[in-house]
Protein chains: 2
Amino acid sequence: MSHFPNHSEENYLKVIFKLQQKKLRKLNNIAIANALDLNPATVLEMVRKLVKKNLLELKEDKSIQLTEKGKKKALLTIRRHRLWEVFLVNKLQYKWNEVHDLAEQLEHIEAKDLTDRLETFLGHPVYDPHGDPIPDKNGKIKAHETIALSSAIKGKHYIVKSFADTSDVFLDYLSQQEIKPGLKIKIVQLHEFDQSLEILSGKKQFQLSQKVALNIFIQPL
Amino acid sequence: MSHFPNHSEENYLKVIFKLQQKKLRKLNNIAIANALDLNPATVLEMVRKLVKKNLLELKEDKSIQLTEKGKKKALLTIRRHRLWEVFLVNKLQYKWNEVHDLAEQLEHIEAKDLTDRLETFLGHPVYDPHGDPIPDKNGKIKAHETIALSSAIKGKHYIVKSFADTSDVFLDYLSQQEIKPGLKIKIVQLHEFDQSLEILSGKKQFQLSQKVALNIFIQPL
DNA sequence: CTTTTTTATTTGGTATGCCAAATATTTAGA
DNA sequence: TCTAAATATTTGGCATACCAAATAAAAAAG
C-alpha cells in the first residue's frame with residue numbers, strides 16, 4: 001500500500017496557495033520551508049517533483065507558482081479542511097480555536113463522495129468557524145471584501161470576519177479576548193506611535209497591538 | 001510533523017487481534033502476511049518492533065500474541081473504526097457495505113477527545129452498522145448481560161443500557177420519548193397481540209412497539 | 001564593480017515500511 | 001527417521017520524505 005503520499009503533497013500545495021495569496025514578493029523555497037518548518041533542500045526536492053507533476057511551475061524570475069491544476073488541488077484540500085472544521089465545531093462541540101490541527105489530519109482523507117456528503121450533512125455551510133469561505137466542489141471560492149483591522153478608520157463600525165494567522169497561540173489569544181467571527185466592533189482610537197488600536201465591542205473596550213490587528217479581517221458595517 | 005507512524009502499527013495490532021479471536025492454531029507471520037497482504041519478511045520486521053515496544057509477545061511455541069497493552073491498543077483502534085462506520089452510515093448516508101475502507105483511514109486519526117465526542121454525537125451506539133460491538137473508551141467490549149426490552153418480564157424493574165439501532169430516526173424517536181441510557185423503568189403491561197409493552201418511568205407511562213423494544217437493551221435492577 | 005549576504009543546489013545520510021530471493025530451520029508426512 | 005513441505009530469517013534493495021553541511025550562484029549592499 002502506498003503510504004498516503006497525498007499528505008505531503010497536499011500540504012505543500014495548500015501552503016503555497018496561502019503564501020501566493022499574501023503576495024509577498026516572489027515565492028521562494030525558503031519561504032515555503034519556513035511555512036512548513038522544513039529544510040530548504042527538502043522543499044527543493046518536492047518542488048521539482050510537483051513541477052514534474054504539473055502542479056507547480058517556475059516563472060522566468062524563478063518564483064514558484066501553482067499551475068491551474070495545482071491551484072484547484074490546493075483549493076479542494078482547503079475545502080475539505082474547512083468543512084471538517086465546521087463538523088468539529090457544529091457537531092462535536094469543539095471550540096472554534098481548537099480544531100485547526102485536527103482538521104489538518106482529516107483534510108487528507110479521500111473517498112468517493114466524502115466531501116460532498118459531508119457538505120450536505122452540514123447544510124452547505126459557506127464559511128468555516130474561523131470565518132473563512134469554503135470553496136465549492138469545483139474549487140471556486142467566494143472572494144470576500146474584507147480588510148485588515150490594521151487599516152480600519154477611527155470612529156467607524158465593523159464586523160469581524162476572519163483571521164490570517166491560524167496558529168494555536170493566536171487563536172488562544174483571540175478566544176481569551178472573546179474575539180470571534182461575527183463580533184461587531186467600533187474603532188475608538190488609533191495610536192500612531194505603535195500602530196495599536198482601541199476597540200469597543202458592546203460595553204467592552206480593549207487595546208490590540210498592530211501585530212494582532214494585521215491578522216484580523218473585518219468588513220465595514 | 002510526524003509521519004503517521006501509528007497507521008501501520010495499528011493495522012498490525014488490529015489484524016492480530018482479529019486473527020487471535022479466530023483461534024486458528026498458533027498465529028504465525030504468514031497468517032498475518034496474508035491478512036495484511038504483505039511479505040512475511042516485512043511482517044517479521046514489524047513483529048520484532050512491536051515485541052520491542054511491548055505490544056506483542058512470542059510464546060514458548062513461537063506463536064505471536066498481543067500483550068495486554070497491545071490488546072488495548074487494538075481495541076481502541078477497533079473502537080474508532082466502528083464509531084466512524086456508524087457516522088458514515090447514519091450521518092452521511094453511506095451504505096453499510098461501502099464504509100469499511102473509509103473507516104480504515106479515519107480510525108487512525110488521533111486527537112484529544114475526538115473518539116469520545118464522536119461517540120456522544122452518535123448517541124453512544126453499541127453496535128456498528130455491521131452488527132459488531134463497539135469497545136468502550138477503556139477498550140472493553142461489553143460482554144453484555146443485557147437483554148432486549150422485548151424479553152422483559154411484567155412488573156419487574158430495569159435500567160436502560162443501550163440500543164441496537166443507532167439510526168437517526170430511531171435516536172430521534174428515543175430522544176422524543178426521553179429514553180436514554182440510565183433511564184429506570186418498570187414494565188407495567190405486556191400486550192401479547194402485537195408484542196408491545198407499557199412502561200413506567202418516574203410518573204411518565206408510555207407504550208412501545210415490539211420493533212422499538214427489540215432495539216433497546218436493558219438490565220434487571 | 002567587488003564584497004557580503006541570501007538563496008539555491010548538491011551531496012551524502014537517516015528512518016519507515018515495504019519487496020524479492022536466497023537460505024536456514026522447523027514441522028510433518030511417509 | 002528421513003525427507004519434503006512449510007515457515008522463519010537473512011540479505012540486499014526500493015521509494016518517500018526528511019536532514020545537515022558543503023558549495024555554487026544570485027542578489028543586494030557598499
If you average 1/r over every pair of different alpha-carbon atoms in region B:1-109 and take one over that average, what Kirkwood value in Å do you get?
14.7 Å
With one decimal in nm and the nearest listed first, the spacings from A:Phe193 to its own position in the other copies, using label points 7 Å along Cα-to-Cβ, are 8.7
Which distances in nm, rounded to one decimal and ordered from shortest, link the label point of A:Thr120 to the equivalent label points in the other identical copies, with labels set 7 Å from Cα toward Cβ?
2.9
Across the identical copies, how the B:Gly182 labels are spaced - nm, sorted shortest first, 7 Å along Cα→Cβ:
2.8
For chain B, which longest stretch is free of loop sites, where a loop site is one of the trypsin sites (Lys or Arg not before Pro) that DSSP puts outside H, G, I, E and B and that has at most 14 other Cβ atoms within 10 Å?
B:157-202
So what are the ³J(HN,Hα) numbers for region A:141-151, from phi and the Karplus equation (6.51, -1.76, 1.60; θ = phi - 60°), rounded to whole Hz, Gly and Pro as x?
10, 6, 6, 8, 8, 8, 10, 6, 4, 5, 10
Can you find, among B:Val51, B:Ser8, B:Ile64, the residue farthest towards the positive end of the dipole of region B:6-66? Put +1 on the C-beta of Lys and Arg, -1 on that of Asp and Glu.
B:Ile64
Test of understanding: ordering B:Val86, B:Val47 by Cβ neighbours within 10 Å, fewest first, what list do you get?
B:Val47, B:Val86
Ascending count of other beta-carbon atoms within 10 Å, so fewest first, for B:Trp84, B:Trp96:
B:Trp96, B:Trp84
Degrees between helix B:6-22 axis and first principal axis of chain B (Cα, 0 to 90, nearest 10):
70 degrees
Helix A:40-52 versus the longest principal axis of chain A: what angle, 0 to 90°, nearest 10, using Cα atoms?
60 degrees
When A:Leu221, A:Leu13 are ordered from fewest to most other Cβ atoms inside 10 Å of their Cβ, what list results?
A:Leu221, A:Leu13
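Quantify how strongly other chains surround peptide B:92-105 by giving the mean number of their Cβ atoms within 10 Å of each of its Cβ atoms.
Working: counts 8, 4, 5, 0, 0, 0, 3, 1, 0, 2, 6, 1, 1, 7.
Per residue, the number of nearby Cβ atoms from other chains is 3 on average.
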Where in chain A is the longest stretch that carries no GluC sites (Glu not before Pro) classed as loop by DSSP and with at most 15 other Cβ atoms within 10 Å?
A:1-59
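For peptide A:107-115, compute the average count of partner chain beta-carbon atoms within 10 Å of each residue's beta-carbon.
Averaged over the peptide's residues, the number is 4.
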Efficiency by 1/(1 + (r/R0)^6): what FRET value for B:Lys211 and B:Asp37, r their Cβ-Cβ distance, R0 = 41 Å, to the nearest 0.05?
0.50
Compute the long axis of helix A:68-86 from its Cα atoms, compare it with the longest principal axis of the Cα atoms of chain A, and write down the angle in degrees, 0 to 90, nearest 10.
50 degrees
Under Karplus coefficients 6.51, -1.76 and 1.60, residue-wise ³J(HN,Hα) of region B:95-109 in Hz, glycine/proline x
7, 4, 8, 9, 8, 4, 4, 5, 5, 4, 7, 5, 4, 8, 7
Can you give the relative contact order of chain A as a percent, counting alpha carbon pairs under 8 Å and 6+ residues apart?
15 percent
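Throughout, read-outs are computed from the coordinates displayed, never taken from laboratory work. The shown structure was predicted, so the numbers you read here are calculated from the model rather than taken from an experiment. Note that each Cβ is placed from the backbone with ideal geometry, even for glycine, and that neighbours are counted across all protein chains shown.
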